[in-house]
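Enquirer: Below are the structure tokens for one structure; questions will follow.
The values are calculated or read from the model by the stated rules, or taken from the named source; none is laboratory data. All values derive from a computational prediction rather than experimental measurement. Glycine also receives a Cβ, built like all others from the backbone with ideal geometry; neighbour counts cover every protein chain displayed. For the accessible areas, the whole protein counts, side chains as well, though only heavy atoms, and no ligand, DNA or RNA atoms are used. Shrake-Rupley method; radii C 1.70, N 1.55, O 1.52, S 1.80 Å.
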Amino acid sequence: RKHSVWTQDRVIKSPYKDIEIPNLTLYDYVWQNLDRWPERTASVCAETGRGYTFEQAFNLSNRFAANLRTKFKIRDGDTVAVMLPNIPDYSLVSLGILAAGGVITSINPIYTAHEVQRQLKMSEAKAIVTLPEVVPVIKESLKIAKISIPIIVVKINGNPAPEGTVLFNELSEDIHTDNSVLKEVRRSVNDICFLPYSSGTTGLPKGVELSHRNIIANCEQINDPINAMHNETTASHQDSVMGVLPFFHIYAATVLMFHKLSIGAKLVALAKFQPETFLKTIEKQKTNIMMVAPPLILLMGSHPAATEKTFEHVQLVCNGAAPLAASDVERFLHRTKRDIDFRQGYGLTETSPTVAISPRRSKRYEATGPPVGSTELRIVDGDLKNLGPNETGEILIRGPQVMRGYRDNPQANKEAFTADGWFRTGDLAVADEEGIVSIADRLKELIKVKGFQVPPAELESLLREHPSVSDAAVIGVPHQSKGETPRAFVVLKNGHKCTEKQLSEFVNEKVAAYKHVDDITFIDSVPKSAAGKILRRVLRDQYC
Ligand code: 4UV
């Protein structure tokens, strides 16, 4: 594949063959190979060994689906929220929602009531599935949002269902369920099936409308034989995949959950991250495929319990979600003493997510690859004019995995797409003669802490809610183990006094731990453009 993938108009074409997108819903796509491996383990809990075979997962999620329709009146296109950690039931719940004709909106299980209420309201969720211990947060969020929806809880220990909730297990295990109601479901491949929230290039998180076709296309794109990110589970071999990245995030939802179930792999669900458990699980579960983010590569390359034996079965490790230095990859690979195929994936929530993956056995660890099948890229300057090889500019994408758009947000959609339909990533990248893409920087506001999205606009609006604050701006600053952390600049109202600690407590109680602001600088005024946009670069140049 030495030939150039650049066209004369300076568009980067995929070197891989065009994918064919089966005319199936995501639900039918995931289960299409069910008869090949009904008895195999589909998902298993890393800590307890509790799990499901493919056949059990299929039957339980279908019964759950039928009961969503009969008992909760879920109809085609209704949204159901999933707020769960990585438990083996996660995929049953998700596929059940799809089988019922519903749309999944996934919520980070460590979100606060303040964060949850916004997503429940915006997505117009008709029900929510969670764990008993998360119910108090959800009840509080429903109170703030002034809405009332059924709460369904997955019971994974002996505790009874909290008051006012319904057990998932009773819905999925009820053998009297009449599954024939599922025949009423009418979903087409262009209907939305997944509605994650992403801030995109600017502002607060927005609902990203992903269709069945978007996600299936992306599964096919990473499935391409040349570009394969897996080993191809066969009659005699089953891949064992580490499910440590959170399933609520698009990377794990598509690349780990939907794709790996469709190829008959075993998904090992790790609910609570704890370094020793994580490392022990790799060894015990004979993990051969790992999808990870930078903090995990750093951990695997430095933790004393990470030894040769830990990685005995590992064949493929893919990093994504945030940049990683080649030296960190080398350190990790050196420790494994094995010839592991290391890959770098690049993508976004808005692109289902995969856009590019580094070629098999690429030694350019910091780079990703050329675009996956049926995907075109452009690298452009500030006037959207195409740049050529080895020139740095914003990366634009066209392909079947690109979202339909942000929900109910014409303004954001206008900014996210060019007039001729290219999606603007807000990432700065450079591509070489072979179309191998390296992500250079982020043009957009978004901060990524350990690969998680932290939209500055969210923290700024919380800071401005404080009675002593007149204005605020937040930027990301480099951090050794987390990648970045937020740093806030605050202007106090005339005559008001307030400490850094008071302000950070005011914000931090309303957001998940990785969004916490502990670095606050008081300034006289926030630098802004004539149009009122915060000049983050000025802040960076002046203070960092
Ligand atoms: O929307 P999001 O939170 O989405 C992601 C997706 C990660 C993926 C996607 C496909 C893969 O195959 C894979 O391995 C990982 O994180 O955040 C999108 C932003 O994250 C940054 C970039 O700024 C995106 O706009 N980002 C994602 N992947 C990389 C990255 C990467 N490999 N290197 C540098 N930055």
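Enquirer: Taking all protein chains together and a probe of 1.4 Å, list 201, 349 from the most accessible to the least accessible.
Expert: Ranked list, largest accessible area first: 201, 349.
Enquirer: Setting aside same-chain residues fewer than 8 positions from residue 143, which lysines have a Cα under 17 Å from its Cα?
Expert: Candidates past the 8-residue exclusion: 121, 126, 510.
Enquirer: State the volume of the convex hull built on the alpha-carbon positions of region 248-305, expressed per residue in Å³ and rounded to an integer.
Expert: So the per-residue Cα hull volume is 87 Å³.
Enquirer: Sticking with this structure for a sec: Pairs to check: 139/515; 206/363; 284/482; 206/260; 206/533. Give those whose C-alpha atoms are more than 31 Å from each other in this structure.
Expert: Result: 206/363 exceed 31 Å.
Enquirer: In 5 Å bins starting at 0, how do the alpha-carbon pair distances of region 67-129 split up by percent?
Expert: Cα pair-distance distribution for region 67-129, in percent: 4, 19, 31, 22, 17, 6, 0.
Enquirer: Now, a different point. Sketch the reach of a paramagnetic label on residue 48 as a point 7 Å from Cα along Cα-to-Cβ, and name the residues of region 110-142 whose backbone nitrogen lies under 19 Å away.
Expert: 110, 129-136
Enquirer: Another question, if that's okay. Using only protein heavy atoms and a 1.4 Å probe, report how much of residue 219 is accessible, in Å² to the nearest 10.
Expert: 0
Enquirer: Pull up the DSSP beta bridges for region 418-544 and report the antiparallel fraction as a percent, rounded to 5.
Expert: Antiparallel bridges make up about 85 percent of those DSSP assigns within region 418-544.
Enquirer: Within region 125-168, find all residues whose amide N lies under 18 Å from a label point positioned 7 Å from the Cα of residue 73 along Cα-to-beta-carbon.
Expert: Answer for region 125-168: 125-128, 147-152, 166.
Enquirer: Given a cut-off of 39 Å, what percent of all Cα-Cα pairs of the chain lie beyond it?
Expert: Numbers: 36271 of 147696 pairs.
Here the long-distance tail beyond 39 Å is 25 percent of all Cα pairs in the chain.
Enquirer: Right, next: Report the dimensions of region 273-380 along its three principal axes from the alpha-carbon atoms, largest first, rounded to Å.
Expert: 45, 25, 20
Enquirer: Stick to the Cα atoms of region 392-443, pair each with every other, and give me the Kirkwood hydrodynamic radius in Å at one decimal.
Expert: Kirkwood radius, region 392-443: 12.1 Å.
Enquirer: Turning to a different aspect of this structure: Mind listing P(r) for region 422-513? All alpha-carbon pairs, 10 Å bins, whole percents.
Expert: 14, 39, 26, 14, 6, 1
Enquirer: What spacing in nm lies between the two simple spin-label points modelled at residue 338 and residue 35, each 7 Å away from Cα in the Cβ direction?
Expert: Placing both labels 7 Å beyond Cα along the Cβ direction yields 3.5 nm.
Enquirer: Of all the Cα-Cα pairs you can form in region 1-86, what percent are over 19 Å apart?
Expert: For region 1-86, the share of Cα pairs beyond 19 Å comes to 65 percent.
Enquirer: Take the cross-link list 309/450; 146/414; 448/497; 73/183 and give me the ones stretching past 23 Å between alpha-carbons.
Expert: 309/450; 146/414; 448/497
Enquirer: Moving on to the next point. Exactly which GluC sites (Glu not before Pro) in region 464-505 are in a DSSP loop and have at most 14 other Cβ atoms within 10 Å?
Expert: Working: sites: 465, 484, 500, 505; in loops: 465.
Loop-located and lightly packed - 465.
Enquirer: Further question on the same structure: Dividing the convex hull volume of the alpha carbon atoms of region 25-160 by its residue count, what do you get in Å³ per residue?
Expert: Convex hull volume per residue, Cα atoms: 107 Å³.
Enquirer: Another question, if that's okay. What's the Kirkwood radius of region 189-293 in Å, using all Cα pairs?
Expert: That comes to 15.1 Å for region 189-293.
Enquirer: Using only alpha-carbon positions, what ratio does the radius of gyration of region 143-247 give when scaled by 2.2 N^0.38 Å?
Expert: The reported ratio for this selection is 1.52.
Enquirer: Around residue 108, what is the net charge, scoring Lys/Arg as +1 and Asp/Glu as -1 over all other residues with Cβ under 15 Å from its Cβ?
Expert: Values: positive: 118, 272, 448, 450, 510, 515; negative: 115, 133, 458.
That works out to +3.
Enquirer: Provide the net charge surrounding residue 191, with neighbours chosen by a C-beta distance below 12 Å and charges set as Lys +1, Arg +1, Asp -1, Glu -1.
Expert: Details: positive: 186, 187, 213, 404; negative: 76, 78, 209.
The answer is +1.
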